[in-house]
């Protein structure tokens, strides 16, 4: 077990894991759902899920984010019992099989998050930003777990119907400032911030957030971005479908790391890892 230290934008400390973020890292997505927008139904079998985790680690993922409920626009929620059945067996097997890897649970349910932590998970990735489950702050403090504070407007069922902001960057900045202070007071020592691309935002909102990503750096927390294969890319590329959004994803995420993102949450781990290697090589020459 390592000593807990205050979070900074260049380090992630989660339970018994420490990850250097002086260079960007990849979080690989594993959806154990039948209806996720990109890979729904591909990894609902336990052996398939664990094989996919191994593949993503081999391709360069330092964090694996496992979710059992789709949060795509228009999706319906699933029951607590169903979500537990989908994700906990994967955590129990994968944490044992890949002991050097950091694992994250993508959930808004307290029981699911706690069961995942009991199974060895290191991070709670909460798309609701404490809105659905404020007790996540105390839960993370209890387990010395990391927490991904994501911004969203509305819930997945309705969030894209008519998102409105006076100033999207300022409003999300203030939300991060308030809630990171609350998390710190609650005893959470490692918080990542995620502007929530596509979660209650128009294309213009998303583009403005990505262009202004560096504005969030002075909050002192690692910035995580997940735009992998999302609708905004399809909109820019003349209604391109999900399978045709890889190049757009890489371009968008590369712009994010130039603007200060430390963690990329992606479906295509090999390609994201390759782009980060190029970024690192250019940074080293520049220095």
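Any read-out appearing in this document is the output of simple, stated calculations on the displayed coordinates, not a laboratory observation. What you see is a predicted model, and the numbers here were worked out from it, not measured in a lab. Virtual Cβ from ideal backbone geometry, glycine too; neighbours counted across all protein chains shown.
Numbers at a glance
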quantity	calculated
Span from the the stretch 151-203 Cα centroid across to the the stretch 52-94 one, whole angstrom	22 Å
For the stretch 128-287, alpha-carbon Rg and Dmax in angstrom	16.2, 47
Residue 45-residue 238 FRET efficiency (beta carbon distance; Förster radius 30 Å; 0.05 resolution)	0.25
Choice from 168, 266, 225 showing the highest fluctuation, given a GNM over the chain with Cα pairs closer than 10 Å	168
Cα gyration tensor, the stretch 181-246 - rounded (a/c under 1.5), prolate or oblate	prolate
Solution diffusion estimate, µm²/s, Stokes-Einstein, the chain, Kirkwood Rh from C-alpha pairs, 10 °C, viscosity 1.306 mPa s	85 µm²/s
For the chain, calculated [θ]222 nm from helices alone, where every DSSP H run of n ≥ 4 adds -39500 (n - 2.57)	-12500 deg cm²/dmol
